[in-house]
Amino acid sequence: MLRDEIERHKIAAEKLEMIKNKAFEIIKRNLGKISEYDVSQFILSEFKKQGLIIDEKYPAQIVAVTENSSIVHYFPKKRGSKIIKSDGLILIDIWAKLKGDRSPFADITWMGYSGKNIPREINRIFKIVIKARNFALKFIRENLKKKKFPKTKKVDKKVRNYFKKFGLEKYFPHGIGHSLGFSRCHGSYFRFSKKSQAKIKLGIPFTIEPGLYFKNRFGIRSEINCYITKDYKLIITTKIQKEIIKL
C-alpha cells in the first residue's frame, strides 16, 4: 500500500480507539440499564460522527457480555441482548474505515470487566491470550531480522503450540489474524490459518488476534493492527491492551 493509504488506516485506528473508550465509559455510567445492543448502536452512531464507514457485509459491531463473549462472532440484537450489569466480562470488537476507496479498515478488540475484583480464572486466561499475542509478534520480528516474511500458517502454528502447552488449543477456533482490506475488513491479501500458504506482505496492514472461548462461560480476545515497512520493521498501529479495563 502507498504511504497515504497507511496513514488513513492509522487515522481510522485512532478513531476506533477513541470510540472504544467512549463505549466503555457509557457502560460504566449506565450499569444495569444498558444492553449489549444499546452499546453496539452507540458505537455505530459514533462512527457516523467521526465519518467512519462500516463493512456492509458485517455492519453490526460486537459487544458481548460474559457467556455471550464465548461466541466468536456474536452480534447483539435488539430483542434478547443482555443488560450489562456489575461483575460482567465485556468484549468489544469494532472495525471501520475512513471514506474513500483507498482507505483500509482498522479492527480492534478490547476486554473490560464491570467490577473491581476480576475472577482469577478470567485473569489467568487473559494473561495467556496476551502472551500468545506477544509471542506471535516476537516470531514475526525474529523473521524480519533475517529479512524474511514468514508464512502466515507458521505464525498461526506458533500460537497454537503455545496454547497447547496449557491444554487450550481446542478453545482457539479461528485464525490468528487477517489482512485489512479497502472494501471489506477481512482483506484478500492474506490470512493466518492452519492451511494458508501465503506470506505476510510488505506494507499491508493486518490483525493479530488470538482468543480463547469457553462455551456458555466466557471468551477473551486481544486484537491489534500492524504492518511491515520496507526496512523490515514491524509497526503496530493500535494501542496494546495489557490489563483488563475495570469499569
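Every read-out reported here was derived from the displayed coordinates using simple, explicitly stated rules and does not represent laboratory data. For clarity, every value in this text was computed on a predicted model and none was experimentally measured. In this analysis, Cβ positions are derived from the backbone assuming ideal geometry, glycine residues included, and neighbour counts consider all displayed protein chains.
Quick grid of which residues meet (1) free of Cβ contacts under 8 Å to residues at least 60 places away in the same chain; (2) not hydroxyl-bearing (Ser, Thr, Tyr):
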site: Lys199; (1), (2): yes, yes
site: Ile208; (1), (2): no, yes
site: Gly211; (1), (2): no, yes
site: Ile224; (1), (2): no, yes
site: Ile235; (1), (2): yes, yes
site: Thr238; (1), (2): no, no
site: Lys242; (1), (2): no, yes
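Residues in segment 43-82 that are small (Gly, Ala, Ser) and outside any strand (DSSP E or B) were compared, and the one that is nearest to Ser114 (Cα to Cα) is Ser69.
Kindly indicate whether Ser45 is more than 29 Å from Ile204 (Cβ to Cβ), among the small types (Gly, Ala, Ser) and more than 19 Å from the chain's Cα centre (by Cα).
On the way: more than 29 Å from Ile204 (Cβ to Cβ): yes; among the small types (Gly, Ala, Ser): yes; more than 19 Å from the chain's Cα centre (by Cα): yes.
The answer is yes for Ser45.
Out of segment 128-182, which residues are free of Cβ contacts under 8 Å to residues at least 24 places away in the same chain and either within 24 Å of Ala13 (Cα to Cα) or among the polar types (S, T, N, Q) (or both)? Explain how you work it out, then say what you get.
Our first condition is that a residue be free of Cβ contacts under 8 Å to residues at least 24 places away in the same chain; within segment 128-182, this holds for 134, 138-139, 142-143, 146, 148, 154, 158, 161, 164-165, 167, 169-170, 175.
Result: Asn134, Lys138, Phe139, Asn143, Asn161, Gly175.
Residue-by-condition table, conditions (1) crowded, with 17+ Cβ neighbours inside 10 Å; (2) over 24 Å from Phe126 (Cα atoms):
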residue: Asn161; (1), (2): no, no
residue: Lys165; (1), (2): no, no
residue: Phe172; (1), (2): yes, no
residue: Lys215; (1), (2): no, no
residue: Cys226; (1), (2): yes, no
residue: Tyr232; (1), (2): no, yes
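Inspect all residues belonging to segment 95-103 and state whether any of them is of a type outside the set (A, V, I, L, M), crowded, with 17+ Cβ neighbours inside 10 Å, in contact with a helix residue (DSSP H, G or I) (Cβ under 7 Å, 6 or more places away or on another chain) and assigned to a loop (DSSP other than H, G, I, E, B). There is at least one residue in segment 95-103 that is of a type outside the set (A, V, I, L, M), crowded, with 17+ Cβ neighbours inside 10 Å, in contact with a helix residue (DSSP H, G or I) (Cβ under 7 Å, 6 or more places away or on another chain) and assigned to a loop (DSSP other than H, G, I, E, B).
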